[in-house]
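The values are calculated or read from the model by the stated rules, or taken from the named source; none is laboratory data. If you're wondering where the values come from, they're calculated on a predicted model, not measured in any experiment. Neighbour counts run over all protein chains shown; Cβ positions are idealised from the backbone, glycine included. We work out accessible area using only protein heavy atoms, side chains counted, and drop any ligands, DNA or RNA first. Shrake-Rupley method; radii C 1.70, N 1.55, O 1.52, S 1.80 Å.
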Amino acid sequence: MTRDRRCTLCPRRCGADRASRPGYCGAGDAIRLARAMPHHWEEPCISGTRGSGAIFFSGCTLRCVFCQNRAISAENFGKDVTPDRFREICFELKAQGVHNINLVTPDAYAELIVPVLEEIKEELALPIVVNCGGYLSPEQVERFGRVTDVWLPDFKYADGALAARLSGAGDYPEVALAAIRGMVARAGKPVLDADGILQKGVLVRHLVLPGQRKNSIAAVEMLRGAFGSDGILLSLMAQYTPNGADGAPARRITTFEYESVLEAVVAAGFGGYCQSPDSAGQEYTPEFGLQGVMEQA
Ligand code: SF4
């Protein structure tokens with residue numbers, strides 16, 4: 001009898017046999033990485049003073065049209081590595097003094113990397129961060145939850161029609177909210193150490209999109225209704241930068257759009273972070289050239 005190898009891991013449930021062809025997300029049957037380096041542009045409670053050990057995975061289950069990382073999300077730039085090499089990379093980042101191991105868009109690789117992280121978690125002795133678009137299935141939350149201390153999900157959309165148009169995921173609002181519920185149930189309320197580095201908990205990111213402030217305000221209200229003002233931290237992001245892709249909004253957000261969403265965040269009583277509306281998008285987007293992925297000589 002042959003094992004059914006059709007992948008149904010994420011909410012896409014695209015059914016690809018990843019050993020013979022990539023799924024909707026672009027992932028095959030090996031761990032594929034684009035970059036593994038200390039990263040200094042996350043929120044202060046993640047990057048701290050020494051940087052976050054960011055491991056960027058290739059492919060994406062959401063593939064939003066406005067993505068700033070299209071080389072990895074849509075074009076699947078990266079290199080396949082073995083589980084042993086993935087393990088080494090975690091320790092190489094630790095040796096560089098990072099505050100945590102930050103798995104960036106690891107969604108499609110849960111079955112491949114969680115067993116490695118379970119083995120090394122105690123020796124690694126750093127918080128493990130899952131940094132994702134929020135569109136996770138209950139199975140993904142359960143698997144990552146075995147090793148994850150800090151969750152860094154987006155909550156992009158309260159408006160399903162907008163989610164369908166920009167990310168091909170009309171069920172995003174309910175799927176992502178359920179996923180974040182699972183994260184909060186596992187991690188509990190946010191806990192910072194004496195240096196202000198997040199050790200446990202959920203930090204939700206929301207990017208304000210041009211012309212979509214009502215979606216943003218509704219997203220903030222949904223989060224407030226689900227988690228209260230102290231169940232999560234919230235990071236309000238203003239860095240939207242047009243990428244020229246078909247269907248992607250073609251301008252940056254206005255100060256009015258940003259400030260009206262910020263008012264809703266303040267009214268909701270969330271703790272967390274906000275970005276200046278004149279933040280340059282490019283500085284938050286690292287170059288992808290396999291830095292830290294290849295074995296050291
Ligand atoms: S993880 Fe990738 S291959 Fe698996 S169901 Fe999702 S999109 Fe398809």
- Item | By accessible area with a 1.4 Å probe, ligands and nucleic acids excluded, highest first: order of H40, H206 | H40, H206
- Percent of alpha-carbon pairs separated by more than 31 Å within the chain: 23 percent
- Can you give the charge dipole size of the range 1-100 about its Cα centre, rounded to the nearest 20 debye, using +1 on the beta carbon of Lys and Arg and -1 on the beta carbon of Asp and Glu? 320 debye
- Item | In order through the range 36-51: 3J(HN,Hα) via Karplus (6.51 cos²θ - 1.76 cosθ + 1.60), integer Hz, x for Gly, Pro | 8, 8, x, 10, 10, 10, 7, 4, x, 6, 10, 8, x, 9, 9, x
- Item | Of all accessible heavy-atom area on the chain, the percent that carbon and sulfur account for (1.4 Å) | 51 percent
- Message: At 0.36 nm per residue, and after removing the present C-alpha to C-alpha distance, how many nm does the segment from E111 to A268 gain when stretched out fully?
- Response: 52.8 nm
- Message: Explain nothing, just the number: dipole magnitude of the range 32-284 about its Cα centre with +1 on each Lys and Arg Cβ and -1 on each Asp and Glu Cβ, in debye rounded to the nearest 20.
- Response: 320 debye
- Message: Counting only Cα atoms, I'd like the Rg/Rh figure for the range 8-70, Kirkwood definition for Rh.
- Response: 1.08
- Of P106, L152, A238, which is farthest on the positive side of the dipole of the range 32-284, counting Cα position, with +1 on Lys and Arg Cβ, -1 on Asp and Glu Cβ, and the Cα centre as origin? A238
- Message: Can you compute the modelled spin-label distance between E118 and T254, with each label point 7 Å from Cα toward Cβ, in nm?
- Response: 5.3 nm
- Query: Probe 1.4 Å, all protein chains in place: accessible area of I217 in Å², nearest 10?
  - Reply: 40 Å²
- Going down the table (K189/K214; K79/K189; K79/K200), which pairs top 29 Å between alpha carbons? K79/K189; K79/K200
- Message: Given a Förster distance of 25 Å, report the FRET efficiency between Q296 and T82 from their Cβ-Cβ distance, rounded to the nearest 0.05.
- Response: 0.95
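About the Cα centre of the range 99-191, how large is the charge dipole given +1 on each Lys and Arg Cβ and -1 on each Asp and Glu Cβ? Please answer in debye to the nearest 20. Show your work: numbers first, answer last.
Values: 8 positive and 13 negative charges, 63 e Å.
With only Lys, Arg, Asp and Glu charged at Cβ, the dipole is about 300 debye.
Compute the longest continuous run of the chain that contains no exposed GluC sites (Glu not before Pro); treat a site as exposed when its DSSP state is not H, G, I, E or B and it has at most 16 other Cβ atoms within 10 Å. Write down the numbers at each step before the final one.
Numbers: sites that count: E75, E287, E295.
That would be 76-286.
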- Query: Out of D149, D17, D159, any idea which swings most in a Gaussian network model of the chain, alpha carbons joined below 10 Å?
  - Reply: D17
- Among beta bridges assigned by DSSP with both residues in the chain, the antiparallel ones amount in percent, to the nearest 5, to 35 percent
- Can you pull the accessible area of L177 for me, 1.4 Å probe, Å² to the nearest 10? 20 Å²
- Message: Under 10 Å, Cα contacts only: if you run a Gaussian network model on the chain, which one of A95, A179, A169 comes out with the highest mean-square fluctuation?
- Response: A95
